[in-house]
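A quick write-up on the structure given underneath.
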Amino acid sequence: MVNQACPQCGSPREPGAADCGTCLFEFDTADDPVQLPTSSTEPRITRRRMAGGGAAVFGVAMVTLLVASLLGRGDASPTAEDPASPVARSVQTTSAPTPRRTPAPTLGPSSAQDNPPPVEPSSPAGNSNSDSFAILPAQQPADFVPGITCSGSIGASDPVAIVQIHSAQLTGELVLRDYADTSSPRTACTFAPGMNPVELIDPRHVVIALGAWAVVDLPEVRYHWFQLPKVVYPMEAEFLAVSPRLDQMVWLTYRIDPNTSMAISREIHIATAAGDHVVASLPDEPVGFCGAPPDYSKRAAYSSSGEHLFVLDHPRSLQGGLNLYSSLRVFDGDTAVLSLVPPNGGWAEGDHPAQAVWSPTSETLYYRQGGDVYRWTPAGGQTLLLPEVNWNWPTITPDGRHAAFVVDGQVYLVDLVDGTSPRLIGQSREKPVFLNNTQLWFTTPNVHGCITGDEEPLIYNISDGSESPSIIDRVRVVWPATSAWY
């Protein structure tokens, strides 16, 4: 039976509406799920290379095509986020709970008292009496117009994702979805067009990029501004990531040589409240290319504890090899504890490191090199995990148990704990990312390049193997699930 009022905020429900006009809560109007065909014989994953890893490109579609897409699919997309709803019909099984991380300190006054942090870092990273961040502090831009609104509390360990739902396809509005109750996920925050969230540090802190950058407290919506050191062309600066402890950030500088159109003097910087310093130098790279190089993925990320940081560099080369000089470094403080750097003359084809992703629950890094998947830990070093698995788009569940990835346009699932062989769960699927411990979002292939709207977003439930349509058109960032892309 359908309620006549929104069960989340109590606002009256418009007849036939797919979601609440006030809080964007999606009503349960789902159809039966699409069942994924299964096979008793799992295909062998070979060492075949994908025909270009490609970056996730979200081009600007022509309005007529977008409208045609909306008319073809409709806004009343079923809510496949709800495993108890008719759209997923999930078997109710016991799964490992989302691990509780030590959350980062709140930078400003907080009214959210649910799930209080059990341990606080020894020193806060921001000043609660200021609108400036403690690292590379800056003032709020004079023309800034606030564009984030939140309602309700957000638990310190709640699985969350910033996404675009189908009803907002033409507006560009993003929402933060809270999956503390996976049977009834809710919209906790709304991001107006232009807010540009680039990193979820934890459920209560997001980094936005608006020319200047800010760490934003959620749900209080308090902005703490920072700015990379001023550089003048031909110098350029690029933000990479903020530590979960809010005590460190990593960024990149380089200089454009006007005579050769090369980015030279490329350097990795680590900044703290005490200052900024260079920890590694990178090879030169030609500029002016359209799009990202093949095998492009997230360039830097901190482990869940903030103790380690990886920086993955994949520069183009004028010598014909697109990944000749790719490198992967893991830092413990200022010290590189893993350095996969190219030999003289660059990597042989396919031997470069790529597609790195942290475990959400430990200091374990997974990455691909030479057509195999490796696992690195501070104590055990580098070990072979999945031979002859040339993975792309790897993503790991919040409990650290399962990984999903793409090989040759097919999505596989592997149990990282029991070590069983990967099994096929989706044919002609791409861009997978876990929203929580059971729900994996992915899409059908985009056959029109930069024109969006032809992809079909889906939710795969790893508990019962069901596949269902999703109201989520696009995923921007997730936490605590990890991904080489999101």
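The values are calculated or read from the model by the stated rules, or taken from the named source; none is laboratory data. Since this is a predicted model, take the numbers as computed values, not measurements. Neighbour counts run over all protein chains shown; Cβ positions are idealised from the backbone, glycine included.
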Residues of the stretch 300-314 satisfying the condition of being at pLDDT 95 or above, on the phi < 0 side of the Ramachandran plot and not in a strand (DSSP E or B): Ser303, Ser304, Ser305, Glu307, His308
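Look at Thr383 and say whether it is in contact with an Asp or Glu (Cβ under 8 Å, 6 or more places away or on another chain), polar (S, T, N, Q) and within 20 Å of Leu340 (Cα to Cα). It would help to see each step written out before you state the result.
On the way: in contact with an Asp or Glu (Cβ under 8 Å, 6 or more places away or on another chain): no; polar (S, T, N, Q): yes; within 20 Å of Leu340 (Cα to Cα): yes.
So Thr383 does not fit the description; no.
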Just a yes or no: is a residue in the stretch 444-466 touching a Leu at 6+ places or on another chain (Cβ under 9 Å), free of Cβ contacts under 8 Å to residues at least 40 places away in the same chain and part of a strand (DSSP E or B)? no
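Which residues, counting only those in the stretch 213-235, are among the basic types (Lys, Arg) and either over 27 Å from Phe191 (Cα atoms) or assigned to a loop (DSSP other than H, G, I, E, B) (or both)?
In the first step, residues of the stretch 213-235 are kept if they are among the basic types (Lys, Arg); the result is 222, 230.
Answer for the stretch 213-235, where residues must be among the basic types (Lys, Arg) and either over 27 Å from Phe191 (Cα atoms) or assigned to a loop (DSSP other than H, G, I, E, B) (or both): just Lys230.
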Residue check, Gly147 farther than 21 Å from Pro457 by Cα and small (Gly, Ala, Ser): yes
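From the list Asp178, Asp217, Asp158, which residue is in contact with a Lys or Arg (Cβ under 7 Å, 6 or more places away or on another chain) and either hydrophobic (A, V, I, L, M, F, W, C) or closer than 29 Å to Thr443 by Cβ (or both)? Spell out the reasoning first.
Numbers: Asp217 fails: either hydrophobic (A, V, I, L, M, F, W, C) or closer than 29 Å to Thr443 by Cβ (or both); Asp158 fails: in contact with a Lys or Arg (Cβ under 7 Å, 6 or more places away or on another chain).
Of the residues listed, the single one that is in contact with a Lys or Arg (Cβ under 7 Å, 6 or more places away or on another chain) and either hydrophobic (A, V, I, L, M, F, W, C) or closer than 29 Å to Thr443 by Cβ (or both) is Asp178.
Across the stretch 149-188, what is the total count of residues that are assigned to a loop (DSSP other than H, G, I, E, B) and charged (D, E, K, R)?
3
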Which condition from (1) under 24 Å from the mean Cα position of the chain (by Cα); (2) in a strand (DSSP E or B); (3) more than 25 Å from Gly155 (Cβ to Cβ) is the one that Ala263 breaks? (1)
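Does Gly333 fit the bill of being on the phi > 0 side of the Ramachandran plot, of a type outside the set (A, V, I, L, M, F, W, C), at pLDDT 95 or above and surrounded by fewer than 16 Cβ atoms within 10 Å (Cβ to Cβ)? Break it down stepwise before answering.
Details: on the phi > 0 side of the Ramachandran plot: yes; of a type outside the set (A, V, I, L, M, F, W, C): yes; at pLDDT 95 or above: no; surrounded by fewer than 16 Cβ atoms within 10 Å (Cβ to Cβ): yes.
Considered against the rule, which asks whether it is on the phi > 0 side of the Ramachandran plot, of a type outside the set (A, V, I, L, M, F, W, C), at pLDDT 95 or above and surrounded by fewer than 16 Cβ atoms within 10 Å (Cβ to Cβ), Gly333 comes out as no.
This table checks each residue for (1) surrounded by fewer than 22 Cβ atoms within 10 Å (Cβ to Cβ); (2) in contact with a strand residue (DSSP E or B) (Cβ under 9 Å, 6 or more places away or on another chain); (3) modelled with pLDDT under 95; (4) closer than 16 Å to Val163 by Cα.
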{"position": "Ala192", "(1), (2), (3), (4)": "yes, yes, no, yes"}
{"position": "Asp202", "(1), (2), (3), (4)": "no, yes, no, yes"}
{"position": "Ile208", "(1), (2), (3), (4)": "yes, yes, no, yes"}
{"position": "Gly211", "(1), (2), (3), (4)": "yes, no, yes, no"}
Considering residues of the stretch 157-183 that are modelled with pLDDT of 95 or more and small (Gly, Ala, Ser) only, the residue farthest from Asp399 (Cα to Cα): Ala161
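What do you reckon, is Asn436 buried (at least 24 other Cβ atoms within 10 Å of the Cβ) and either under 20 Å from the mean Cα position of the chain (by Cα) or among the basic types (Lys, Arg) (or both)?
Numbers: buried (at least 24 other Cβ atoms within 10 Å of the Cβ): yes; either under 20 Å from the mean Cα position of the chain (by Cα) or among the basic types (Lys, Arg) (or both): yes.
Yes; evaluated as a whole, the condition is true for this residue.
For every residue, the table says whether it meets (1) modelled with pLDDT of 95 or more; (2) in a strand (DSSP E or B); (3) among the basic types (Lys, Arg); (4) surrounded by 14 or more Cβ atoms within 10 Å (Cβ to Cβ).
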{"site": "Gly345", "(1), (2), (3), (4)": "no, no, no, no"}
{"site": "Ala354", "(1), (2), (3), (4)": "yes, yes, no, yes"}
{"site": "Ser362", "(1), (2), (3), (4)": "yes, no, no, yes"}
{"site": "Arg368", "(1), (2), (3), (4)": "yes, yes, yes, yes"}
{"site": "Val373", "(1), (2), (3), (4)": "yes, yes, no, yes"}
{"site": "Val389", "(1), (2), (3), (4)": "yes, no, no, yes"}
{"site": "Val411", "(1), (2), (3), (4)": "yes, yes, no, yes"}
{"site": "Asp418", "(1), (2), (3), (4)": "no, no, no, no"}
Condition set assigned to a strand (DSSP E or B) and under 10 Å from Ala271 (Cα atoms), scope the stretch 236-251, selection nearest to the chain's Cα centre (by Cα): answer is Val242
Consider Glu220 against the criteria (1) under 23 Å from Gly333 (Cβ atoms); (2) within 25 Å of the chain's Cα centre (by Cα); (3) surrounded by fewer than 21 Cβ atoms within 10 Å (Cβ to Cβ): it satisfies all of them except one. Which criterion is unmet? (1)
